[in-house]
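Chemist: Would you mind keeping the following structure in view while I ask a few things?
The values are calculated or read from the model by the stated rules, or taken from the named source; none is laboratory data. The shown structure was predicted, so the numbers you read here are calculated from the model rather than taken from an experiment. Glycine also receives a Cβ, built like all others from the backbone with ideal geometry; neighbour counts cover every protein chain displayed. Heavy atoms of the whole protein, side chains included, go into the accessibility calculation; ligands, DNA and RNA do not. Shrake-Rupley method; radii C 1.70, N 1.55, O 1.52, S 1.80 Å.
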Amino acid sequence: MSIKKVYIIRHGQTDFNQQGIVQGSGVDSNLNEVGQQQAAMFFQKYKDLPFDKVYTSTLKRSIQSVQGFLDLGIPHEQHAGINEINWGHREGQRITPEEDAYYHHILQTWCEGNTSVCIEGGESPDLVTARQRPFIDLILSRPEEKTILICMHGRAMRILLSNLLHYPLRCMDEFLHQNLCLYQLDFTGSMFVVKKYCDTSHLKENAQELDSLQQLRTN
């Protein structure tokens, strides 16, 4: 029998996401109109779940993505340990072909198992793991919180899922993500089991409305 249900979502869309600009932990962007609509759709789908606690990073885009739940009065904690990875000198910069080549080189380095290598001026997956570990210990130390919602960021989410499910970090890209996707994990007391994998069914119910918003922002 599951003793804890953990819902993990990535934040909704920002203008930086749409424009191909690197965010990371040093860029505190807001949700754009599409991101706000994604957040509203997720809330509409899951508002009746009895969440005992909402956990977010300290960045605005993660907090704004769960504002509907906070407005219900559900207890909320912010933790810098689940902030996005620090992408170093590239944060706030548009991805050029040269930058993209370096980015893919770093990803390949990590996929080869060299997860202690930092991106220039930023963090490595090992460093993110180290700051996430106290957060993992915290949520596992609270069995009274039987159903929790965690809102965070793409690369940090991949690292957290790897750590919760005991995957080597070199395999973290196996965990796909997109804006306002959901992973649901059940903790049995000794291990986590994946119940939903990069689920976006809550967005597809209103896909036409989202597509219209996307078109308006690109025209």
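Chemist: Carbon-plus-sulfur fraction of the accessible area of the stretch 48-105, 1.4 Å probe, in percent?
Modeler: That share works out to 51 percent.
Chemist: Report the gain in length on full extension from residue 165 to residue 18: 0.36 nm times residue separation, minus Cα-Cα distance, nm rounded to one decimal.
Modeler: 49.9 nm
Chemist: Also, quick follow-up: May I ask you to compute the full-extension gain from residue 104 to residue 140, defined as 0.36 nm times their residue separation minus their alpha-carbon distance, rounded to one decimal in nm? Walk me through the numbers on the way to the answer.
Modeler: Details: separation 36, 0.36 × 36 = 12.96 nm, distance 3.42 nm.
Full extension from residue 104 to residue 140 adds 9.5 nm.
Chemist: Cross-link candidates for residue 204: which aspartates and glutamates have Cα within less than 20 Å, leaving aside residues fewer than 8 places away along the same chain?
Modeler: Within reach: 33, 48.
Chemist: Within the stretch 46-144, report the GluC sites (Glu not before Pro) that DSSP leaves as loop and that have at most 12 other Cβ atoms within 10 Å.
Modeler: 112, 120, 144
Chemist: DSSP loop (so not H, G, I, E, B), at most 14 other Cβ within 10 Å: list which trypsin sites (Lys or Arg not before Pro) in the stretch 1-106 pass both filters.
Modeler: Answer by residue number: 47.
Chemist: Check which residues have an amide H placed less than 5 Å from residue 12's amide H, if you skip close sequence neighbours.
Modeler: Close amide H contacts, sequence-distant or interchain: 65, 180.
Chemist: Using alpha-carbon positions, what is the distance between the centroids of the stretch 163-198 and the stretch 77-106, in Å?
Modeler: Here the answer is 21 Å between Cα centres.
Chemist: Additional query: Show the residues, 5+ positions off or on another chain, whose built amide H is closer than 5 Å to the amide H of residue 92.
Modeler: Long-range HN contacts for residue 92: 22, 23.
Chemist: I would also like to ask the following. What do the square roots of 5 times the Cα gyration tensor eigenvalues come to for the stretch 1-131, in whole Å, largest first, as semi-axes of the equivalent ellipsoid?
Modeler: Ellipsoid half-lengths, sorted descending, are 30, 19, 12 Å.
Chemist: Could you name the aspartates and glutamates whose alpha carbon sits less than 20 Å from that of residue 53, not counting residues in the same chain fewer than 8 places away?
Modeler: Within the straight-line cut-off, residue 53 pairs with 71, 77, 137, 144, 145, 186.
Chemist: Rg and Dmax of the chain over Cα atoms: what are they, in angstrom?
Modeler: Considering the chain through its Cα atoms, Rg and Dmax are 17.0, 51 Å.
Chemist: Using a 1.4 Å probe, what is the accessible area per residue for the stretch 60-219, in Å²?
Modeler: Values: 7900 Å² over 160 residues.
Result: 49 Å² of accessible area for each residue.
Chemist: Report the gain in length on full extension from residue 117 to residue 147: 0.36 nm times residue separation, minus Cα-Cα distance, nm rounded to one decimal. Could you put the intermediate results ahead of the total?
Modeler: On the way: separation 30, 0.36 × 30 = 10.80 nm, distance 3.50 nm.
Length difference between fully extended and current span is 7.3 nm.
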